[in-house]
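Please read the structure below before turning to the comments.
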Amino acid sequence: MKSNRLIIKLGALSLSTLLLTGCAMQNNNAQTPDNNTGMSKTQTGALIGGLLGAVVGATTKGDNKAKRVIIGGAIGAAVGGGIGYSMEQQAKDIADELNTNVDNNPNAALNPDNDLIVSNTDKYVKIMLRDEMVFKTNSSIPTQSAANKISKISNVLKQYPDTIVQVVGFTDSRGSYEYNQKLSEERASNVGNTLHNTGIQNQIFSKGCSFNKPLVPNNSNENMALNRRVEVYLYPNQQSIIDACSSY
């Protein structure tokens, strides 16, 4: 019976946390529905965080297990919901600054008319920039137009100095792997340096992926143009960082 009561309390806590987080964040107009659940990433993060926190509370030594479950669930929900909210809000702020919208459609990057895409998950914000928009042919130096867009990104990052920035370069498959590795590293590094030179305090690092992780097969000029890109990832913490050359 005690176990059943504990489960009921846990369920009530998670539901209450989810509803409260949803109400609070909707008031800030920062909710983006999750395509699979109908909930925002913030709500999903709060629910998952609440459940994990409750489990930790239940398995921690102490006299009052029910109290530990409630406290653990509340802390977990706050952390999970907070991270989700931060990523959604940063994505919205970046999109607003760049005069575009947040687009989490996985097929958006396959549209050649989309030379700049802002998207987010519960772990990071991603800004995709087409190479032809950022660099001149055979150059790894950002154009003045690209530098202006990068400056707009930095305007937002000044509000989020703890956000970790990762700049990643991708090429098409023409030429050797080694040549493209060097080119992708140079382009990522130069975009990262352009960001750094705006005076932001964020930790910034860059990475080249050569022609790894193509969006589409490199079997036509049109497809190759889609694969040549720079992606800027914004992370809330070290634990959220992914290997951008092999994962999404």
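Spin-label pair T137-N193: with each label point 7 Å from Cα along the Cα-Cβ axis, the two points sit 2.5 nm from one another. Coupling constants for the stretch 199-210 follow from the phi torsions by the Karplus curve (6.51 cos²θ - 1.76 cosθ + 1.60, θ = phi - 60°), and in residue order they are x, 6, 9, 5, 6, 10, 9, 10, 7, x, 10, 6 Hz; glycine and proline get x. With the cut-off at 22 Å, tell me which of the pairs K92/K152; K92/K136; K182/K207; K149/K213; K136/K207; K123/K158 have Cα atoms farther apart than that. Result: K92/K136; K149/K213 exceed 22 Å.
Using a 1.4 Å probe, what is the accessible area per residue for the stretch 106-214, in Å²? Each step should come with its number before you reach the end.
On the way: 5200 Å² over 109 residues.
Ligands and nucleic acids excluded, the result is 48 Å² per residue.
Modelled this way, with points 7 Å down the Cα-to-C-beta line, the labels at N148 and A225 are 2.2 nm from one another.
Rounded to the nearest angstrom and ordered from largest down, what semi-axes does the equivalent ellipsoid of the stretch 134-237 get from its C-alpha gyration tensor (root of 5λ)?
Values: eigenvalues 132, 38, 27 Å².
In descending order, the three semi-axes are 26, 14, 12 Å.
Amide hydrogen proximity for A244: with H placed 1.01 Å from N in the peptide plane, no residue at 5 or more positions away or on another chain lies under 5 Å.
The values are calculated or read from the model by the stated rules, or taken from the named source; none is laboratory data. Predicted model, so just to flag it, every value in this text is computed and none were measured. A quick note on method: Cβ atoms are made from the backbone with ideal geometry, for glycine too, and the neighbour counts reach across all protein chains shown. Ligands, DNA and RNA are stripped out before the accessible areas are found, and what is left, the full protein with its side chains, is counted by its heavy atoms. Shrake-Rupley method; radii C 1.70, N 1.55, O 1.52, S 1.80 Å.
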